[in-house]
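Shown next, in structure tokens, is the structure this report addresses.
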Amino acid sequence: MTRVLVFAAVATLAGAGAAAATLDIGQPVPDFAGRSLDGTTFALSEAVRAHRAVVVVFLSTVCPYARFFEPHLQDLQQKYGDGVLILGVNSNRTETAEEARADAVRRGLTFPIVKDEDLRVADALGARVTPESFLIDGAGRLRYRGRVRSKIGQDDLKNALDDVMAGRAVKVPVAKAFGCALRRD
């Protein structure tokens, strides 16, 4: 069953704004919260408490790179089960909440997707492209930032998840993300 949450994040992000600084590995990730179009609430702080790790990944309905990695993200969600939450975020101003919802349903995505209408989530995390992922541990700290997978198939995000789930330091905590620029206009 597809579980899609599409909402605008509310202003609980400290210091979020255009050209926000990139978070350093190990820093606490600012909370964000909102209400889905169907009335369901979501808060990053609650998701972090309920899971050993949360992956925030910026997606797009039109970016071929983001679309290419969606099945891999779906596989990761299934592999890690309830221990990990994959959370898709659509921050592109050129894509509506309804387009994001319809696309997720059409593609059979079962992890939640949120619509970041005012780019507060993207700005708080320093996201620049889709797909770009941010791995947050159960203490709410950033442990990995970067690509989902390399062009040659290196599983950067999965490797980081494996490290976090095993209680180890992430071997490669930053991997340059590639993809489509977030549309801020």
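Laboratory data are not the source of any read-out in this text; all were calculated from the coordinates shown. Computed from a predicted structure; not experimentally measured. Methodologically, a virtual Cβ is constructed for each residue, glycine included, from the backbone with ideal geometry; neighbour enumeration extends over all protein chains shown.
Brief remarks follow.
- Subset of region 157-185 [surrounded by fewer than 21 Cβ atoms within 10 Å (Cβ to Cβ) and either within 12 Å of the chain's Cα centre (by Cα) or of a type in the set (Asp, Glu) (or both)]: 162, 163, 185
- Only a single criterion out of (1) under 27 Å from residue 163 (Cβ atoms); (2) in a loop (DSSP other than H, G, I, E, B); (3) in contact with a Ser or Thr (Cβ under 9 Å, 6 or more places away or on another chain) is not satisfied by residue 144, namely (2).
- Some residue of region 123-136 being buried (at least 20 other Cβ atoms within 10 Å of the Cβ) and free of Cβ contacts under 8 Å to residues at least 60 places away in the same chain: no
- Residue 169 vs. criteria part of a loop (DSSP other than H, G, I, E, B), free of Cβ contacts under 8 Å to residues at least 12 places away in the same chain and of a type outside the set (Ser, Thr, Tyr): yes
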